[in-house]
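Q: Before we start, here is the structure in question, set down as structure tokens.
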Amino acid sequence: MAKTWRWESDHRCCTTCPPDSSLMYEGGRVRYLGWCSDVGFGGGYTIGVQTIDEFVTRGPLDDTMPPALIAEIRTYLTAK
């Protein structure tokens, strides 16, 4: 079953886009997602992918993820 976490991130594709990112757990991996509201591109896009082991041992790819959220995600992933 897929699970998603969201947080405000400083990483944006352009200045008009919202400052948020998502991490989705699905199929034994985590996927980092962003959203672009630019009319020329528009839509969701994948920022990166990690295995569960990579996330648990190395931490997230996004350095703006809050520490409390990292701990929550690690707890969820190690219980799987």
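Q: Once fully extended, how much extra length lies between residue 71 and residue 41, figured as 0.36 nm per residue of separation less the alpha-carbon to alpha-carbon distance?
A: Value of the extension gain: 7.5 nm.
Q: Which FRET efficiency value, to the nearest 0.05, do you get for residue 2 and residue 63 by plugging their Cβ-Cβ distance into 1/(1 + (r/R0)^6) with R0 = 22 Å?
A: That gives a FRET efficiency of 0.35.
Q: Sticking with this one: I'd like to know how region 21-80 sits against the 2.2 N^0.38 Å rule of thumb: what's its Cα Rg over that expected value?
A: Cα-based Rg divided by the globular estimate yields 1.21.
Q: If you don't mind, there's one more thing I want to ask. So what are the ³J(HN,Hα) numbers for region 71-80, from phi and the Karplus equation (6.51, -1.76, 1.60; θ = phi - 60°), rounded to whole Hz, Gly and Pro as x?
A: Once θ is set to phi - 60°, the couplings for region 71-80 become 4, 4, 5, 4, 4, 4, 5, 6, 7, 6 Hz.
Laboratory data are not the source of any read-out in this text; all were calculated from the coordinates shown. Since the model is a prediction, treat every value here as computed from it, not as a measurement. In this analysis, Cβ positions are derived from the backbone assuming ideal geometry, glycine residues included, and neighbour counts consider all displayed protein chains.
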